[in-house]
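What follows is a set of notes on a single structure, which appears directly below.
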Amino acid sequence: MNRIRIEAGAPYDVLVGDGLLGEAGARMKELLPPCRAVLVTDSNVAPLYAAGVEASMTEAGFTVTRYVFPAGEASKTMETLTGILTALASTGLTRSDLVVALGGGVTGDMAGLAAALYLRGVRYVQLPTTLLAAVDSSVGGKTAIDFAGRKNLVGAFYQPGLVLCDPGTFQTLSPEIIRDGLSESIKYGVICDEALFARFESDPAPDMTEIVTRCVEIKGDIVAQDEHDTGLRQLLNFGHTPGHAIEACSHYGISHGHAVAIGMLLMARAATAAGICKDDTARRLETVLRKTGLPTVAPYAPAQLAAAALADKKRRGGSITLVVPKQMGACVLHTVPVAELERFFASGMEVRA
Ligand code: GLY
């Protein structure tokens, strides 16, 4: 088992290792004395892991109530948040009690937001069961729901007290969901760790505990320096500006990790065309994405992508900040005027010999 300390305003540990779900109760007891807990999970994950986590927590002395909502992004709403908050209130949770998020990013984001709001903040523990949640959303304290037709519009920065990642849970994921997580994992290599990227080039089946551990180390490092996303943390958005635009244009038919894969390659090519990236990052990235079974071509025109990107919340005044590679393992922030975004995207979509 690996332990990564996240030095946020309220520091906490991320533990990564096979079998951790079965030890959940004992691990939580190291964080706080046994108390009441509401286990928030979705209709896909509940039948797989909820009973095991509850048994482990009960054995450790916790009194657990389960709250299950329908699986899927469509549940990431004020209604579901109200449902979770109602469950916390009707269970009589106090400030010394606990919320536990068991599942993927939707579950973690919503249970975390409920924990931030209820009684102005109760402790919560993240038990990510997807690779994507393990390497990204369960760490760093971003919590949110979708609102007014926009993703993650209403939320809070609220760090968990503990994250337990059991890579054994990835075995029940579909290949498509695994690829979503691999896309985000490859991203960490491009933004700041060439050695991690090289593992994806050379190792056909990288060890998931090692991959998650390295990604969480990188994310933890960045979060420690910029918890509230005012500068450095934006590096984690490599590929996300075009990626979010692709998701939106597809009406979310193209999943997050797949859209980010296309977005990363687009940005790497655009950075090369602009002379910002001096090495063969784009070529290497394309090879790894293809080998992983991820898409590389945006099925929308640059104008469509630019319009969708500019409707997103990351625009600031007359410019937009993008993340581009200077070389493999080193990304930088690059601001372009809004009027030039379409041209910048187009330069990343031109087919070169
Ligand atoms: N998912 C990007 C971040 O946590 O900042």
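Here are some notes:
- Cα centroid separation, segment 273-323 to segment 141-200 (Å): 18
- Considering only Cα atoms, the convex hull volume of segment 108-237 works out to 116 Å³ per residue.
- Of all beta bridges that DSSP places with both ends in the chain, some 45 percent have antiparallel geometry.
- Within the shell of other residues whose beta carbon sits under 15 angstrom from the beta carbon of LEU162, the net charge comes to -1, with Lys and Arg scored +1 and Asp and Glu -1.
- Using θ = phi - 60° in the Karplus curve 6.51 cos²θ - 1.76 cosθ + 1.60, the 3J(HN,Hα) couplings for segment 330-345 round to 8, 9, 9, 7, 9, 8, 10, x, 3, 5, 9, 4, 4, 5, 4, 4 Hz; x is entered for Gly and Pro.
- Around CYS277: net Lys/Arg minus Asp/Glu count, Cβ-Cβ under 12 Å: +3
- Size of the chain: Rg and Dmax of its alpha carbons, in Å, are 19.9, 64.
- For the chain, the longest principal axis of the C-alpha atoms and the axis of helix 105-117 are separated by about 60°.
- Beta bridges from DSSP with both residues in segment 1-141: antiparallel share about 20 percent, rounded to the nearest 5.
- Taking amide hydrogens as placed 1.01 Å from N in the peptide plane, the amide H of SER43 sits under 5 Å from those of PHE69, ALA71, each at least 5 positions away in sequence or on another chain.
- Our helix-only sum for the chain, with -39,500 (n - 2.57) per DSSP H run of n ≥ 4 divided by its residues, gives a mean residue ellipticity at 222 nm of -13000 deg cm²/dmol.
- With protein chains left intact and a 1.4 Å probe, residues in the chain average 40 Å² of accessible area per residue.
- In terms of the mean number of neighbouring beta-carbon atoms within 10 Å, the peptides 259-265, 162-168, 120-126 order highest first as 259-265, 162-168, 120-126.
- Sparse-neighbourhood loop sites, trypsin sites (Lys or Arg not before Pro) in segment 274-353 - DSSP loop, at most 16 other Cβ within 10 angstrom: LYS278, LYS313, LYS314, ARG315, ARG352
- Acute angle (nearest 10 degrees) that the helix 256-273 long axis makes with the longest principal axis of the chain, alpha-carbon atoms: 30
- Ordering of 209-218, 194-203 by packing [mean C-beta count within 10 Å, highest first]: 209-218, 194-203
- One compactness figure for segment 8-51 is 1.35, namely its Cα radius of gyration divided by 2.2 N^0.38 Å.
The values are calculated or read from the model by the stated rules, or taken from the named source; none is laboratory data. None of these values were measured; they are calculated from a predicted model. When we count neighbours, we look across all protein chains shown, and the Cβ atoms used for this are built from the backbone with ideal geometry, even at glycine. Quick note on the areas: whole protein, heavy atoms, side chains included, nothing else; ligands and nucleic acids left out. Shrake-Rupley method; radii C 1.70, N 1.55, O 1.52, S 1.80 Å.
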